[in-house]
Amino acid sequence: MTDATDNPLLSLGFEIPFDRIRSEHVEPAVRALLDDARARLDALVAAPGPRTYANTLGALEDVTERLGRAMDVVSHLESTSTTPELRAAYNAVQPAVSELLSGIPLNEGVYGALKAFAATPEAAALTGARRRFFKKTLDDFRRSGAELDPAGKKRLSEIDVELATLTLRFSQNVLDATNAFELVIEDPARLAGLPPSAIETARQSAADKGVKGYRFTLQAPSYIPVLTYLDDAAIRERFYRAYSTRATEGQHDNRPIIRRILELRREKAGLLGYAHFADLVLEDRMAKTGAAARRFVETLRERTAPFFARENEELAAFRREIEGPGAPPLSPWDISYYAEKLRRARYDFDDEALRPYFPLDRVVSGLFEIAHRLYGVRITPWDDAPTWHPSVRAYRVIEADGAQGAAFYLDFMPREQKRDGAWMHGLVTGTPGGEPGATTDDPRHLAVLAGSFTPPVGGRPALLNHREVETLFHEFGHMMHHASSRVPIRSLAGTNVAWDFVELPSQIMENWCWEREALDLFARHHETGAPIPDDLLQRMRAARTFRAGAAMMRQLGFAEVDLALHMDWTPEAGDVVELARDILSRYSPVPLPEGYAMIAGFSHLFSNPVGYAAGYYSYKWAEVLEADAFSRFEEEGLFSRAVGDAFRSQILALGDTQDPMDLYKSFRGREPSLDALMRRSGLAAPSP
């Protein structure tokens, strides 16, 4: 089974044979690739002659390239089309892979080779990307424990392996707990308030399961309409409580896992000489320290608080207006429901009215046309690409010179074997220029865009809501970041940038979902082909800032609870779930109920050894960047090829080869300002 002819994971190239990869391939392939990586590591340490860039940093880049590519493919399959056999195989290999990766910076021979190279004239003469790569490598080794004593290194390795195991289990528990809940309603009268699209989706879901009635789940295309439109408050409450207590019971209980993850992260930071985990992970990001990230969150909170308070009173008053002065106070499962009613009343706008204008295929085609106008690329079908599911589609990215620069897959149909959320996963990072350490000089990049959108039902195409359109554009922005890389050093390429910079290329793409000139390229009624009527578009744009204070505070609450858990929490502080609930209550429009435990399903913080841990603020940080950056398109032209080329060449193409603030200033001509975001959100104080 370890023969490359029998096991496709051992010979992965650019075109991945997803139709041949099986769960039984995983363990033997990974064992063989671990042996390969160890052999390469030994060869690096034993390299004869003087230390050079090629036999040190170049060789280091090469150590895990094959292993990393195989694990990326297996991780991707486990996220999008898992099976009990695949999950078991992935869980079995994860500890050994984590042990190898965390052990590289702890390897005295490797660190000695880096220090020996540092003493050479070649190292002193490094410039540009190579110089930055060398500095970042030394810093990463130090932050990963290279200078610890043997006992410290041993303990750090143990921590990293345990974190890898726990975070994987956390993610799988969330998926299993989400899939464990369903509600089948047989009486159509109880569906009052739901839009026809949600009713038809629920009917189809029930039919697919062989049951009568209407089946609802905690997956976003089902859950969100229930909370937003369903008149039956008791059912809304049931769904709210089920979602906000996911993964808190039985074999899927994530609460002890969260506590242990936080203990380990805290211990790791202390072992490496940092005050807390936030300072450890943010040192190499734009914020630099946990305190700076917290100041950023607090600044936005202070500027948002007056608008938030006014919005909350307006919503409570609206309920009293329509139900009388004796109307009960709003509960958490009432917020989206009454907010949608208020939005309709204030703007005569129903988000469902937009759905017929967003058939998935047309949205995808329009998105590709926007990319063509901005960047000069053509995106064409890759019809014969093997995929992991019949609904997956593949495309090639063709550059202006006719060369294929990248390819990607779209996987947006919901299914129980797929984890929740939406994401872009880079499977292959091309390395142009023949950089030492590159196993191949193939410059092409390969990526996956995945999520769960409203599926086609009743003979109609998949019709998206506007938020799903934004999500598609967002993930496509990540893909273009990956696909635009011209960096010859894999570790600095594509989306391998500071975590609080990586959302800039994705979030900026969402802006084109709001502009008439862009919408006319794809927003056409699926039956008549008519564009969005002017009055509907005006109401949509007017409603964009509706309850923007609440939306801002929700994100800031997640950012603050993240920082508090990774800066302030100690094992003696008590229950993590209660602490999180107390913090999030300060950012909630209404008091949160007893037992509220969304933290147990907060995959951003706990489904990866690092991930967004101590970095959730990055979403708002990047939103400040993208709002300010998009203002250049507003000034010079929504489809300005000159601005698009500048954004691609000065930000997307350069990865982490320069400090991200320097990249930003090269594009914008100055540092970013908060003002563009606050104005766009309708949260700017009136001019005196």
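The values are calculated or read from the model by the stated rules, or taken from the named source; none is laboratory data. These figures come from a predicted structure and were not determined experimentally. Methodologically, a virtual Cβ is constructed for each residue, glycine included, from the backbone with ideal geometry; neighbour enumeration extends over all protein chains shown. In case anyone asks, the SASA skips ligands and DNA or RNA and just uses the protein heavy atoms, side chains included. Shrake-Rupley method; radii C 1.70, N 1.55, O 1.52, S 1.80 Å.
Of the candidates 439, 431, the single residue that is open to solvent by 50 Å² or more (accessible area, probe 1.4 Å), in contact with a Lys or Arg (Cβ under 7 Å, 6 or more places away or on another chain) and either modelled with pLDDT under 95 or part of a loop (DSSP other than H, G, I, E, B) (or both) is 439.
When the range 233-269 is filtered for residues that are within 30 Å of residue 335 (Cβ to Cβ), hydrophobic (A, V, I, L, M, F, W, C) and surrounded by fewer than 21 Cβ atoms within 10 Å (Cβ to Cβ), the ones remaining, listed by number, are 233, 234, 235, 242, 257. So is residue 640 more than 28 Å from residue 431 (Cα to Cα) and modelled with pLDDT of 95 or more or not? Answer is yes for this residue. The residues listed here are 116, 96; of these, the one that is closer than 22 Å to residue 66 by Cα and either β-branched (Val, Ile, Thr) or touching a residue at least 60 places away in the same chain (Cβ under 8 Å) (or both) is 96.
Among the listed residues 280, 272, identify the single one that is over 27 Å from the mean Cα position of the chain (by Cα) and surrounded by 17 or more Cβ atoms within 10 Å (Cβ to Cβ).
On the way: 280 fails: over 27 Å from the mean Cα position of the chain (by Cα).
Only one candidate passes the filter, namely 272.
Per-residue answers, yes or no, for (1) more than 24 Å from residue 353 (Cα to Cα); (2) touching a strand residue (DSSP E or B) at 6+ places or on another chain (Cβ under 6 Å):
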residue: 210; (1), (2): yes, no
residue: 214; (1), (2): no, yes
residue: 225; (1), (2): no, no
residue: 231; (1), (2): no, no
residue: 240; (1), (2): yes, no
residue: 255; (1), (2): yes, no
residue: 261; (1), (2): yes, no
residue: 267; (1), (2): yes, no
residue: 273; (1), (2): yes, no
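When residue 212 is tested against (1) within 30 Å of residue 254 (Cβ to Cβ); (2) open to solvent by 30 Å² or more (accessible area, probe 1.4 Å), exactly one condition is not met: (1).
The rows are residues; the columns are (1) in contact with a helix residue (DSSP H, G or I) (Cβ under 6 Å, 6 or more places away or on another chain); (2) aromatic (Phe, Trp, Tyr); (3) without any contact (Cβ under 8 Å) to a residue 60 or more places away in the chain.
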site: 203; (1), (2), (3): no, no, no
site: 217; (1), (2), (3): no, no, yes
site: 222; (1), (2), (3): no, no, yes
site: 236; (1), (2), (3): yes, no, no
site: 259; (1), (2), (3): yes, no, no
site: 269; (1), (2), (3): yes, no, yes
site: 289; (1), (2), (3): yes, no, yes
site: 292; (1), (2), (3): no, no, yes
site: 301; (1), (2), (3): yes, no, no
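The residue that is surrounded by the fewest Cβ atoms within 10 Å (Cβ to Cβ), counting only those in the range 508-525 that are within 12 Å of residue 354 (Cα to Cα) and touching a strand residue (DSSP E or B) at 6+ places or on another chain (Cβ under 7 Å), is 524. If you go through the range 49-95 and pick out every residue that is open to solvent by 20 Å² or more (accessible area, probe 1.4 Å), over 24 Å from residue 179 (Cα atoms) and small (Gly, Ala, Ser), you end up with 4. If you go through the range 548-580 and pick out every residue that is touching a Phe, Trp or Tyr at 6+ places or on another chain (Cβ under 9 Å) and within 30 Å of residue 685 (Cα to Cα), you end up with 15. Any residue in the range 2-11 that is closer than 22 Å to residue 99 by Cβ, open to solvent by 30 Å² or more (accessible area, probe 1.4 Å) and either modelled with pLDDT under 95 or part of a helix (DSSP H, G or I) (or both)? Yes, the range 2-11 has at least one match. Against the conditions (1) open to solvent by 40 Å² or more (accessible area, probe 1.4 Å); (2) in contact with a Pro (Cβ under 8 Å, 6 or more places away or on another chain); (3) under 30 Å from residue 663 (Cβ atoms), residue 286 satisfies every one except (1). Quick one: what pairs do we get from the range 19-37, first residue open to solvent by less than 20 Å² (accessible area, probe 1.4 Å), second of a type in the set (Ser, Thr, Tyr), C-beta under 9 Å, 6+ apart or different chains? Taking only residues 6 or more apart or on different chains, the pairs are 26/90; 28/2; 29/2; 33/64; 37/64.
When you scan the range 153-166, how many residues do you find that are touching a residue at least 40 places away in the same chain (Cβ under 8 Å) and open to solvent by 10 Å² or more (accessible area, probe 1.4 Å)?
From the range 153-166, those touching a residue at least 40 places away in the same chain (Cβ under 8 Å) are 153, 155-157, 159-166; that's our starting set.
From what is left, the residues that are open to solvent by 10 Å² or more (accessible area, probe 1.4 Å) are 153, 155, 157, 160-162, 165-166.
So the answer is 8.
For the range 602-630, which residues satisfy the criterion of being assigned to a helix (DSSP H, G or I) and either aliphatic (A, V, I, L, M) or open to solvent by 10 Å² or more (accessible area, probe 1.4 Å) (or both)? Residues satisfying the conditions are 603, 604, 605, 619, 620, 621, 622, 623, 624, 625, 627, 629. The conditions of being among the acidic types (Asp, Glu), touching a helix residue (DSSP H, G or I) at 6+ places or on another chain (Cβ under 9 Å) and open to solvent by less than 40 Å² (accessible area, probe 1.4 Å) are not met by residue 645. Of the residues making up the range 38-48, those that are open to solvent by 30 Å² or more (accessible area, probe 1.4 Å) and assigned to a helix (DSSP H, G or I) number 6.
Going by the structure shown, is residue 137 out of contact with any helix residue (DSSP H, G or I) (no Cβ under 7 Å at 6 or more places or on another chain), among the hydroxyl-bearing types (Ser, Thr, Tyr) and open to solvent by less than 30 Å² (accessible area, probe 1.4 Å)?
Details: out of contact with any helix residue (DSSP H, G or I) (no Cβ under 7 Å at 6 or more places or on another chain): no; among the hydroxyl-bearing types (Ser, Thr, Tyr): yes; open to solvent by less than 30 Å² (accessible area, probe 1.4 Å): yes.
The answer is no for residue 137.
If you check every pair at least six apart or on different chains, which have Cβ atoms under 7 Å apart with a residue in the range 132-144 that is more than 13 Å from residue 281 (Cα to Cα) first and a residue that is among the β-branched types (Val, Ile, Thr) and outside any helix (DSSP H, G or I) second? From residues that are more than 13 Å from residue 281 (Cα to Cα), the pairs are 132/657; 133/489. The residue that is surrounded by the fewest Cβ atoms within 10 Å (Cβ to Cβ), among those in the range 342-373 that are among the aliphatic types (A, V, I, L, M) and more than 11 Å from residue 540 (Cβ to Cβ), is 345.
I'd like the residue in the range 558-601 that is acidic (Asp, Glu) and open to solvent by 40 Å² or more (accessible area, probe 1.4 Å) and, out of all such residues, is farthest from the chain's Cα centre (by Cα).
Applying the filter and picking the extreme gives 572.
Taken over the range 134-168, the criterion of being more than 25 Å from residue 62 (Cα to Cα), more than 26 Å from the chain's Cα centre (by Cα) and part of a helix (DSSP H, G or I) is satisfied by 150, 151, 152, 155. Only residues that are outside any loop (DSSP other than H, G, I, E, B), out of contact with any Lys or Arg (no Cβ under 9 Å at 6 or more places or on another chain) and in contact (Cβ under 8 Å) with a residue 60 or more places away in the chain were counted across the range 520-547, and they come to 3. Hey, among the residues in the range 455-487 that are in a helix (DSSP H, G or I) and among the β-branched types (Val, Ile, Thr), which one's most open to solvent (accessible area, probe 1.4 Å)? Restricting to residues being in a helix (DSSP H, G or I) and among the β-branched types (Val, Ile, Thr), the top hit is 471.
Selection over the range 289-314 of residues that are among the polar types (S, T, N, Q) and open to solvent by 40 Å² or more (accessible area, probe 1.4 Å) gives a count of 2.
Taken together, the residues in the range 94-133 that are closer than 24 Å to residue 166 by Cβ, part of a loop (DSSP other than H, G, I, E, B) and among the hydrophobic types (A, V, I, L, M, F, W, C) amount to 2.
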